[in-house]
1. Based on other C-beta atoms within 10 Å, arrange 149, 86, 81 from fewest to most.
2. With r defined as the distance between the Cβ atoms of residue 215 and residue 194 and R0 fixed at 30 Å, what FRET efficiency is calculated, to the nearest 0.05?
3. For region 122-255, divide the Cα radius of gyration by the Kirkwood radius and give the resulting Rg/Rh value with two decimals.
4. How far is it, in nm, from the label point at residue 204 to the one at residue 97 when both lie 7 Å from their Cα along the line to the Cβ?
5. Quote the Stokes-Einstein diffusion coefficient, in whole µm² s⁻¹, for region 170-231, based on the Kirkwood radius over alpha carbon pairs, a temperature of 25 °C and a viscosity of 0.890 mPa s.
6. So how do 116-127, 54-65 stack up, highest first, on mean other-Cβ count within 10 Å?
7. Of 150/194; 126/194; 80/102, which sit over 25 Å apart, Cα to Cα?
8. Can you give the charge dipole size of region 26-254 about its Cα centre, rounded to the nearest 20 debye, using +1 on the beta carbon of Lys and Arg and -1 on the beta carbon of Asp and Glu?
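Computed from the coordinates by the stated procedures, all read-outs in this text should not be read as laboratory data. If you're wondering where the values come from, they're calculated on a predicted model, not measured in any experiment. Reconstructed Cβ throughout: ideal geometry from the backbone, glycine too, with neighbour counts over all protein chains shown.
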Amino acid sequence: MKLQATVLLSTLVLSGAVMAQDKAPEPDYTLSYNIGGVTEYPSRGISQSARKPALQGGIDFAHKSGFYVGTWASTIRWIKVSSNGVADAKGPVELDLYGGYKGAINDTFSYDVGGLEYWYVNNTYKNITGTNANTFELYGALTAGPATVKYSHATTDLFGTPNSKGSGYLDVSATFDLGNGLSLVPHIGAQRIKNLGTYHDASLTLAKDWSDLVLSAAAVTTDWSHRFGFDYTLPGTGGKNLAGTSLVLGIKKNF
């Protein structure tokens, strides 16, 4: 019996050692990339690409301590089509630069805090409104299970809107894993534009992941016209309502 117990103990110790060796240590950091395109690029319910397709991509660095930085870019058209025929508006690319810290409060709640700069490269939007389109926001998010609540606060004027410093955006979303690479993401947001008012946007996104190739379809809508009593149109769009309901199809490859 003593011999059998010794053999059993040795086997358990050896098995534990093998399992420990098989478990790879957590890397100090991860570096990920993505590239893709969409049939149009909406942000907070408003089309940034004037109802036209957009190319997009990003790079993210995340340290195991919780700190992260990243950048994401998209082609846009809203600055170009904002021209009133007198001032020339240029700025074909949105480049987002962000960084922050993610951590866990307990087994249920996690958080994310940071800052984000919306940089419209070489933009001349100031020629139209007198205000630069570039925008900086501080944000904080709280996640429990599939649901996330996030608030973003503009420390500059908001996307070229004069006298809008201090505007805020409240975002509530959830991610549901449907199995077989399918996910469903409902979202609702409230954008308060200082000295103008508040409108809401909502979306429902269905995505399918095939080995890091993600196909998506999203229904996007806002109550802009109802809230403000006029459509969100720009001179160069032929009267298209850029805050109306739309269906957005997308494809993205993660690396």
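1. Numbers: 149 14, 86 7, 81 20.
So the ranking, lowest neighbour count to highest, is 86, 149, 81.
2. 0.20
3. We get a ratio of 1.01 for region 122-255.
4. For residue 204 paired with residue 97, the spin-label model returns 4.0 nm.
5. 185 µm²/s
6. Going from most to least packed, we get 116-127, 54-65.
7. On the way: 150/194 19 Å; 126/194 19 Å; 80/102 36 Å.
Over 25 Å Cα-Cα: 80/102.
8. Numbers: 18 positive and 19 negative charges, 150 e Å.
Dipole about the Cα centre, nearest 20: 720 debye.
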